[in-house]
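If you scroll down you'll find the structure; I have some questions about it.
Each reported figure results from applying straightforward, stated rules to the coordinates on display, with no laboratory input. Predicted, not measured: the structure shown is a model, and the values here were computed from it. All Cβ positions, even for glycine, are placed from backbone atoms using ideal geometry, and neighbour counts span all protein chains on display.
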Amino acid sequence: MTRPVLLSGIQPSGQLTLGNYIGAIRNWKALEDDYDCLFLLVDLHAITVRQDPADLRRRCREFLALYIACGLNPERSQIFAQSQVRGHGHLAWILDCYAMVGELNRMTQFKDKSRKHADNINAGLFNYPVLMAADILLYQTQLVPVGDDQKQHLELTRDIAQRFNTLHGEVFTVPEPFIPPVGARIMGLQEPTAKMSKSDDAPTNAIYLLDEPKTITRKIKRAVTDTDGEVRYDPQAKPGVSNLLQIFAAVSGRDIDSLVNEYAGGGYGRLKGDLADAVVALIEPLQARYNEFQADPALLDGILTRAAENANARAEATIRRVHEVLGFLQ
Ligand code: TRP
């Protein structure tokens, strides 16, 4: 039985957060049995903004070590860096010739990033979604888990695949968005109306998976709440407290109603204290596993290399087919 191909990419920049764990990584673990998963560290995408080379190298290993510390199984899933498989950049060029400037101009992330990096609006930033399309189409991916911010890019990927297939025959699988069965959206601790981000500028807004336990406790105790002192789940009126309840439910496996019952009337202090303990109890063993993996760089590099070899063979099959239909010499 072949499992459907599922692919996801993450930029090896910033630091993985508790939100990444609860909203994504933890769910992927449950998918490994049913899907043929590829998890890409998209370093080629990362250089659309300037990166320090040593940092980039360190982050790729760090993200891999965290993924497997979170429970992803490198025997079952392919975890590797995008730059390790040359086909990504190669297919991206070909797909550039099937993506319209008008389409790319409509990408809201390009507009946002251009505003944010006004001093470095490079062509890579503009072509970013085409490289993402290449990541996906290279492996005949069926499913792509996407958050709201990437939906437009997946739509574009589908349009490019369909356009290419219409002209040249059924070369690419047209991917579908994958909506995870359970997916709590974890918000920032200081700005509970926006998603907790791994590249946030205010470090107190996010809980990083590699934060020290006392830092985690401090961040949770200082999380923004409100002044009515009432523990109640109401994301509109009480985004801060609701987010804490959401995190608590996710890390403890309890439902929000039972937490509200337990903490109603007790003010925010006890809720925050117990939540901090629950988060630390989850993260401490994860960090212990992470430290073991980090102590064995040969193991980490071996995982990356093996996955990249597997992925490369699959990518080459697609590239051969693309070359054939385009009339390139074999
Ligand atoms: N663009 C995605 C992001 O910024 C990362 C990404 C790159 C990706 N290639 C991908 C996601 C392929 C899914 C599939 O979050």
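What is the packing order of peptides 45-55, 80-90, taking the mean over residues of other C-beta atoms within 10 Å and listing the highest first?
Peptide ranking by packing, descending: 80-90, 45-55.
Give, in nm to one decimal, the length gained when the segment between Ala237 and Arg106 is fully stretched (0.36 nm per residue of separation minus the Cα-Cα distance).
Result: 43.8 nm gained on full extension.
Moving on to the next point. What relative contact order, as a whole-number percentage, does the range 168-298 give when Cα pairs under 8 Å and 6 or more residues apart are counted?
Normalised by residue count, the contact order of the range 168-298 is 22 percent.
To continue, here is another question. When all alpha-carbon pairs of the range 234-330 are counted, what percent fall beyond 16 Å?
That fraction is 72 percent.
Report the local net charge at Leu7: Lys and Arg +1, Asp and Glu -1, summed over other residues whose C-beta lies under 12 Å from its C-beta.
-2
Is the C-alpha gyration tensor of the chain telling us rounded, prolate or oblate? Criteria: a/c under 1.5 is rounded; beyond that, a/b larger than b/c is prolate, otherwise oblate.
Judged from the Cα gyration tensor, the chain comes out prolate (a/c at least 1.5, a/b above b/c).
If r is the Cβ-Cβ distance from Ser114 to Lys29 and R0 is 45 Å, what FRET efficiency results, to the nearest 0.05?
My answer for the efficiency is 0.80.
Kindly express, to the nearest 10 degrees and within the range 0 to 90, the angle between helix 239-252's C-alpha long axis and the longest C-alpha principal axis of the chain.
80 degrees
Highest mean first, what order results for 227-238, 162-173 on Cβ atoms within 10 Å?
Descending mean neighbour count gives 162-173, 227-238.
Can you run phi through the Karplus equation (6.51, -1.76, 1.60; θ = phi - 60°) for the range 97-104 and list ³J(HN,Hα) in whole Hz, with x for Gly and Pro?
7, 10, 10, 8, 4, x, 5, 5
Ranked highest first by average number of other Cβ atoms within 10 Å, how do 26-38, 60-72 line up?
The peptides rank, most packed first, as 60-72, 26-38.
Now for a separate question. Within the set Lys113/Lys195; Lys151/Lys238; Lys29/Lys151; Lys151/Lys195, which residue pairs have Cα atoms separated by over 19 Å?
Distance filter (> 19 Å) returns Lys151/Lys238; Lys29/Lys151.
Exposure proxy check: Ser8, Ser114, Ser13, Ser258 ranked by fewest other beta carbons within 10 Å?
Neighbour counts put them in this order, fewest first: Ser258, Ser114, Ser13, Ser8.
Quick one: of the DSSP bridges fully inside the chain, what percent are antiparallel, nearest 5?
10 percent
Sort the range 211-291 into rounded, prolate or oblate with this rule: let a ≥ b ≥ c be the square roots of the eigenvalues of the Cα gyration tensor; rounded if a/c is under 1.5, and if a/c is not under 1.5, prolate when a/b is larger than b/c, oblate otherwise.
Prolate shape, in that a/c is at least 1.5 and a/b is the bigger ratio.
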